[in-house]
Amino acid sequence: MPTKTELKHRTVREVRKNSEGASAKMKALVKFAPGDGNVDVLEVDEPICGPNQVKVEVAYCGLCGTDIHVLHDKFRNFPPVILGHEFAGTVVEVGRNVSGVRTGEKVACLGATAVTCGRCPYCISGYFIFCANRRGMGHGVNGGFARYVVMRPDQLYRVPPNLSLEEAALSEPFAAAIQAVTELTEVRSGDTVVVSGPGSMGLLCLKLLVAAGVKTIVAGAADDDRRLEAALQFGAAAVVNVAERSLVDAAGEYTDGLGFDVAFECAGHEDSVRGCLQSLRPMGLYTQVGICGREIQFPIDQVFFKQLKLTGSVCYTAETWDRMMKIFAQGRVRLDDMVSAKLPISEWRKGFDLCMEKKALKVLMYPI
Ligand SMILES: [Zn+2]
Ligand SMILES: [Zn+2]
């Protein structure tokens, strides 16, 4: 069994081998071996921009639940690999076969399509997320917790001038919220909607609903106080701390006893799933946005007796990203108030702790 230090050295050698004689170095947050932990800031070779690629200098990369799952080996990963999949930056080099991209352009990066087959029915229909051969940046291939990344030009989205690179770094989770709220769930004006779970996905869903003028109630647990406060600032009609009153009682209060029209389950928690199903009206809509990460007790008869419509929403398509750029350009949804900390990647432990302790909305990290 190699020691951790040996594995780290091996990682540096392997990353070096991949980049054919490059000598410039950069610091990166690397998952250097399989298993729980095995993450650290290491010095690796800078990636080389191939003829069909674009090199981007990362400005900010958001820390996400997925990164924490990779740290604890609860999400599929392929070490050695640089973590981080929510990033934006500036184009610094363009491969000789690439047209339509210029150095100096600010871009948001769609890392999830780094490796796909391009030929299966899902790739062809745009739902690349279901491609059996997919590997995303930050767990499947090198991601954004580093100074530089190289990508295909079709993974890049030019950022509108009114958008900061901090906000652009929220593109990846925002796109997932856009798919859930505007593409896969038929929310109608006049509806009363519950978002259960005030983490960053829940708050991004809230922002879209508020921008569309939909009355939205946000529910959270006992330790969600700060995030429920943020929900009120972001335009929630009301917040519910389920440790103090049940979601069913709250639904009665806010809908004249009818029940919520739509529920977005963003907590990935059994109690939240049950609360959403119980507080929906007959023929209501339920969308699963959170990941439970384990099997749960599920009151399926609620679905039968109330004739509910259930769907899940995972990831997004390239079309969602096109729509997102239009939403950004219209400037109706602001995201800068989602960022509660900006840290250098050398302080990654602090960032991970802030997320795990629910002390932050979104933590961004920047290269060193
Ligand atoms: Zn993410
Ligand atoms: Zn495919």
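The values are calculated or read from the model by the stated rules, or taken from the named source; none is laboratory data. Bear in mind the structure is a predicted one, so any value in this text is a computation, not a measurement. FYI the Cβ positions are ideal-geometry reconstructions off the backbone, even for glycines, and counts take in every protein chain you see. The area values use the complete protein model at the heavy-atom level, side chains included, leaving out ligands, DNA and RNA. Shrake-Rupley method; radii C 1.70, N 1.55, O 1.52, S 1.80 Å.
Go through (1) at pLDDT 95 or above; (2) within 23 Å of Q179 (Cα to Cα); (3) not hydroxyl-bearing (S, T, Y) for A114 and report which single condition fails.
Against the list (1) at pLDDT 95 or above; (2) within 23 Å of Q179 (Cα to Cα); (3) not hydroxyl-bearing (S, T, Y), A114 comes up short only on (1).
From the list A180, A175, which residue is over 16 Å from M325 (Cβ atoms), within 18 Å of the chain's Cα centre (by Cα) and at pLDDT 95 or above?
Going through A180, A175 in turn, just one is over 16 Å from M325 (Cβ atoms), within 18 Å of the chain's Cα centre (by Cα) and at pLDDT 95 or above: A180.
In region 275-292, what residues are of a type in the set (A, V, I, L, M, F, W, C) and open to solvent by 20 Å² or more (accessible area, probe 1.4 Å)? If you could, list the steps in order and put the result at the bottom.
Start the filter on region 275-292 by keeping residues that are of a type in the set (A, V, I, L, M, F, W, C), which leaves 276-277, 280, 283, 285, 289, 291-292.
If the condition is that a residue be of a type in the set (A, V, I, L, M, F, W, C) and open to solvent by 20 Å² or more (accessible area, probe 1.4 Å), then M283, L285, V289, I291, C292 are the ones that fit.
Does F328 fit the bill of being assigned to a helix (DSSP H, G or I) and open to solvent by 90 Å² or more (accessible area, probe 1.4 Å)?
In short, no.
Residue pairs, Cβ under 6 Å, 6 or more apart or interchain, first in region 103-123 and farther than 19 Å from A146 by Cα, second within 15 Å of ligand 2 (Cβ to nearest atom) and of a type in the set (F, W, Y). List them.
T116/F128; Y122/F130
Name the residues in region 114-148 that are assigned to a helix (DSSP H, G or I) and open to solvent by 20 Å² or more (accessible area, probe 1.4 Å), would you?
P121, Y122, C123, I124, S125, I129, F130
Check region 97-117 and report whether any residue there is more than 21 Å from L163 (Cβ to Cβ), within 16 Å of ligand 2 (Cβ to nearest atom) and not β-branched (V, I, T).
Checked against the condition, which is being more than 21 Å from L163 (Cβ to Cβ), within 16 Å of ligand 2 (Cβ to nearest atom) and not β-branched (V, I, T), region 97-117 yields at least one hit.
Does at least one position in region 100-113 carry a residue that is part of a helix (DSSP H, G or I), among the charged types (D, E, K, R) and surrounded by fewer than 22 Cβ atoms within 10 Å (Cβ to Cβ)?
Within region 100-113 (the criterion being part of a helix (DSSP H, G or I), among the charged types (D, E, K, R) and surrounded by fewer than 22 Cβ atoms within 10 Å (Cβ to Cβ)), the answer is no, since none of the residues qualifies.
For residues in region 197-218 being touching a Phe, Trp or Tyr at 6+ places or on another chain (Cβ under 7 Å) and farther than 21 Å from T317 by Cα, which is surrounded by the fewest Cβ atoms within 10 Å (Cβ to Cβ)?
V210
Restricting to region 229-245, give me the number of residues that are part of a helix (DSSP H, G or I) and either buried (at least 17 other Cβ atoms within 10 Å of the Cβ) or within 21 Å of the chain's Cα centre (by Cα) (or both).
Residues that pass the stated criteria total 2.
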